[in-house]
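In what follows, a structure is listed as structure tokens, so that the remarks can point back to it.
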């Protein structure tokens with residue numbers, strides 16, 4: 001019999017499950033609190049009677065991740081993790097320290113099917129979706145390892161969150177539950193490559209999260225060459241969905257734009273980007289391209305980056321250049337997993 005993923009249960013689901021075992025409703029909240037405090041052993045749930053603990057061990061499992069590689073940047077306090085899951089699959093996560101606290105960038109899938117040319121995550125395609133509990137476990141592992149409390153989460157690691165829609169939504173509900181980790185939804189960002197159907201579904205939940213769109217080009221021909229998703233949902237369809245999403249949530253949208261030398265860094269691109277985003281309450285996050293071995297992309301020089309930013313600002317857009325963290329530790333999505341999977345040298 002396949003065991004139940006108990007940490008992926010919301011409190012009402014846990015209540016119903018325990019009622020089938022003849023247990024009172026109050027047990028659900030007790031067990032939920034244990035699970036979301038990072039406990040990975042039923043025997044450590046000290047206020048749960050032994051007979052119930054034994055029953056839970058028989059029927060359920062508590063998801064966790066194992067740290068395979070841990071590498072701390074010499075440039076800042078960024079920590080990159082390579083985690084192993086129960087089935088041997090590998091995922092990555094990054095812990096970053098800012099003035100406002102700690103942020104964890106989590107993965108939502110093992111690999112990715114989106115096939116963006118500038119990203120190492122999807123080089124070997126999609127292996128499987130992560131469960132909500134496996135997403136939670138990445139945060140809990142970073143907290144345990146550093147004896148800290150994480151205050152912000154970015155769903156921007158390996159995978160496309162809206163391609164794993166149901167588990168991503170369940171994660172958002174669980175991580176923000178005040179009986180659990182209690183990380184406010186306003187402190188969570190979800191990044192998508194532009195899955196229009198998922199953006200429309202997400203709007204129905206009206207979560208006060210920050211939606212981040214990986215745009216990366218203002219013209220369809222350039223974007224389709226960089227991102228396969230644009231061949232299914234082009235820029236016009238994507239921005240229409242963004243406007244619909246914003247009309248429901250009233251939340252500012254963040255547009256991610258990886259600046260790649262000779263590809264999308266021209267003055268023409270800056271002017272067109274400003275034009276297509278006009279009327280959308282947004283922030284443009286300019287990201288100097290991070291080279292990976294699997295492509296020949298290069299980031300523009302600093303002068304060109306600043307010039308591109310200034311053009312956007314002069315056109316009325318809020319635009320900033322992302323501060324680079326962990327550049328000495330392969331901190332971009334998929335790089336550490338790819339190196340480890342190919343039998344490369346360990347990093348620490």
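The numbers here are math on the coordinates, done by the rules we state, and not lab data. Predicted model only: the values in this text are computed from it and were never measured. Cβ placement follows ideal geometry from the backbone for every residue including glycine, while neighbour counts extend to all protein chains displayed.
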**Request:** Please list the radius of gyration and Dmax for segment 164-318, considering alpha-carbon atoms only, with Å as the unit.
**Result:** 16.4, 50
**Fill in**
Nearest-0.05 FRET efficiency for residue 185 and residue 302 at R0 = 35 Å, using Cβ-Cβ distance, is 0.50
**Relative exposure of 257, 86, judged by other C-beta atoms within 10 Å (fewest first)** = 86, 257
**Asked** residue 247 to residue 97: extension gain in nm, 0.36 nm per residue of separation minus the Cα-Cα distance?
**Response** 50.7 nm
**Message:** Mean-square fluctuation check for the chain, GNM, Cα pairs under 10 Å: which of 55, 173, 84 is largest?
**Reply:** 55
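Sum -39500 (n - 2.57) across every DSSP H segment of at least 4 residues in the chain, then divide by the residue count to get the 222 nm mean residue ellipticity, nearest 500. All intermediate terms of the calculation are to be shown ahead of the outcome.
Working: 11 runs with 118 residues, N = 348.
So the helix-based figure for the chain works out to -10000 deg cm²/dmol.
Expected output is a single nm value to one decimal: the length gained when fully extending between residue 44 and residue 145, i.e. 0.36 nm times separation in residues minus the C-alpha distance. What is it?
34.5 nm
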**Prompt:** Taking neighbour counts of Cβ atoms within 10 Å as a proxy for exposure, in what order, fewest first, do 265, 87 appear?
**Reply:** 87, 265
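Let me make sure I get this right: for segment 180-245, a, b and c are the square roots of the gyration tensor eigenvalues over alpha carbons, sorted descending. Under 1.5 in a/c it's rounded, otherwise prolate if a/b > b/c, else oblate. Which is it?
It comes out prolate by the Cα gyration axes.
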**Fill in**
Among 315, 269, 116, the residue with the largest mean-square fluctuation in a Gaussian network model of the chain built from Cα contacts under 10 Å is 315
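With both partners inside the chain, how many of the DSSP beta bridges are antiparallel, as a percent to the nearest 5?
If we restrict to bridges inside the chain, about 45 percent are antiparallel.
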**Fill in**
Under the rule rounded for a/c under 1.5, else prolate if a/b exceeds b/c, else oblate, using alpha carbon gyration tensor axes a ≥ b ≥ c, segment 97-149 is classed as oblate
**Asked** What whole number of Å gives the distance from the Cα centroid of segment 22-54 to the Cα centroid of segment 151-220?
**Response** 29
**Request:** Using label points projected 7 Å from each Cα along Cα→Cβ, tell me how many nm separate residue 267 and residue 219, to one decimal.
**Result:** 1.5
**Asked** So what is the relative contact order for the chain, in percent, with contacts set as C-alpha pairs under 8 Å and at least six apart?
**Response** 16
**Message:** Mean-square fluctuation check for the chain, GNM, Cα pairs under 10 Å: which of 115, 180, 262 is largest?
**Reply:** 262
**Asked** For q = 0.08, 0.15 Å⁻¹, what log10 I(q)/I(0) does the chain give under the Debye formula with an equal point scatterer on each alpha carbon and no solvent?
**Response** -0.40, -1.31
**Prompt:** Can you give me the pair-distance distribution of segment 1-125, C-alpha pairs, 5 Å bins, whole percents?
**Reply:** 2, 9, 15, 17, 13, 13, 13, 9, 6, 2, 0
**Prompt:** Using a simple spin-label model with points 7 Å from Cα along the Cα→Cβ vector, what separation in nm is obtained for residue 29 and residue 204?
**Reply:** 3.0
**Request:** Give me the percent of Cα-Cα pairs in segment 115-202 that sit more than 21 Å apart, rounded to a whole number.
**Result:** 33
**Fill in**
Computed from every Cα-Cα pair in segment 4-61, P(r) in 10 Å bins starting at 0 and rounded to whole percents is 24, 68, 8
**Request:** On a 0 to 90° scale, report how tilted helix 26-35 is relative to the longest principal axis of the chain, with both axes built from alpha carbons and the result rounded to the nearest 10.
**Result:** 50
**Request:** Report the equivalent ellipsoid semi-axes for segment 84-232 in whole Å, largest first, defined as the square roots of five times the eigenvalues of the gyration tensor built from alpha carbon atoms.
**Result:** 25, 18, 15
